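To start, the structure under review is shown below, and the notes come after it.
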Amino acid sequence: MNVNKGILFILIGASFFGFTPIFAKLGFSYGYTLGQINIVQMVISSFLLWSITLMKRSSFKGLHKKNILQIMMTGCFVGLTSIFYYGSMLYLPASLAIILLFQFVWIGFLLEWIFSKAKPAPITVLSIILILIGVFFASNIVNGDIQGLPIKGFIFGILSAFTYAGFIFFSGKVAVKVDAWTRSSLMVTGSTIMVLVIFMRDLPSILPLEQNLLTTAAGVSLFGAVLPPLFFALGAPLVSGGIANILTSIELPIAILSASIILSETVTPLQWLGTAIILAAIAFNEIGPNLFRIRKHS
């Protein structure tokens, strides 16, 4: 029963994240800049996460000057991911931006290899090859639909994958014994400070705060930075890490589906095939070793 509840919580959390492109695209359609959306989003996220942390009376045990700085620096990867991901959406369809972001999966394996000297297993290499094949189809290269799209959008998309993979890698190494909500709040604080510094020139244009900017930034904040961690925190302890990774990948089809239905973006059957291959590759990497083990012992 607890496992089913954990699966449900993780699916809900990942699904929420899949809706962030809608709010980002909506903000751009209103004429707001990348800086304006990111600043308001991060301030709202920081306020909400600290409110939850303090209301829950989360523990501050294990914190000291050095690891507070490390946690906040790790949080900067969140801000960079937000900047590059939404920046990619300025130039590309949301469905393509999310596919580029999802390259964090194989980039994460690469970071483990470089920094932790953990050489990828053959099954992981095969999964990476499948992911790249999936990207080939999902990006619609076959139909030539990406020709004419600004190269800047692709650069931002790939950078978002690198920064997101960096966040996942370093967040698993820094102050892991500190309360999860306290860590999340400090990470978002670091991210907020960085975004404010980068987009300092946009600060005067935010006030007085317009209703449309507040609505779109709040949507991005809730669906991207507040609700997913909340549901992941509830669900992750109830399931295994491998299953959790597979379940969180639901955000890819949700994001593409929402872009298709709500943003009226065209998603071809080949793109859906590519998406299915990417999801299958992620699942294969997580459950493949166990399947081979079972066959070996049977």
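All conditions in (1) modelled with pLDDT of 80 or more; (2) open to solvent by less than 50 Å² (accessible area, probe 1.4 Å) hold for Gly235, with the sole exception of (1). Restricting Gly108, Gly62 to residues that are within 17 Å of Phe169 (Cα to Cα) and either open to solvent by less than 50 Å² (accessible area, probe 1.4 Å) or of a type in the set (A, V, I, L, M) (or both) narrows the list to Gly108. Look at Leu213 and say whether it is closer than 21 Å to Phe84 by Cβ and aliphatic (A, V, I, L, M). Against the criterion (closer than 21 Å to Phe84 by Cβ and aliphatic (A, V, I, L, M)), Leu213 qualifies. Among residues of region 111-123 being touching a residue at least 40 places away in the same chain (Cβ under 8 Å) and more than 17 Å from the chain's Cα centre (by Cα), the one that is surrounded by the fewest Cβ atoms within 10 Å (Cβ to Cβ) is Phe115.
Every condition in (1) over 16 Å from Val197 (Cα atoms); (2) within 21 Å of the chain's Cα centre (by Cα) holds for Ser46 except the one numbered (1).
The values are calculated or read from the model by the stated rules, or taken from the named source; none is laboratory data. Just so it is clear, the structure is predicted and the values come from calculations on it, not from any experiment. Please note: Cβ atoms are built from the backbone with ideal geometry, for glycine as well, and neighbour counts cover all protein chains shown. Areas reflect the complete protein model, heavy atoms only, side chains present, ligands, DNA and RNA absent. Shrake-Rupley method; radii C 1.70, N 1.55, O 1.52, S 1.80 Å.
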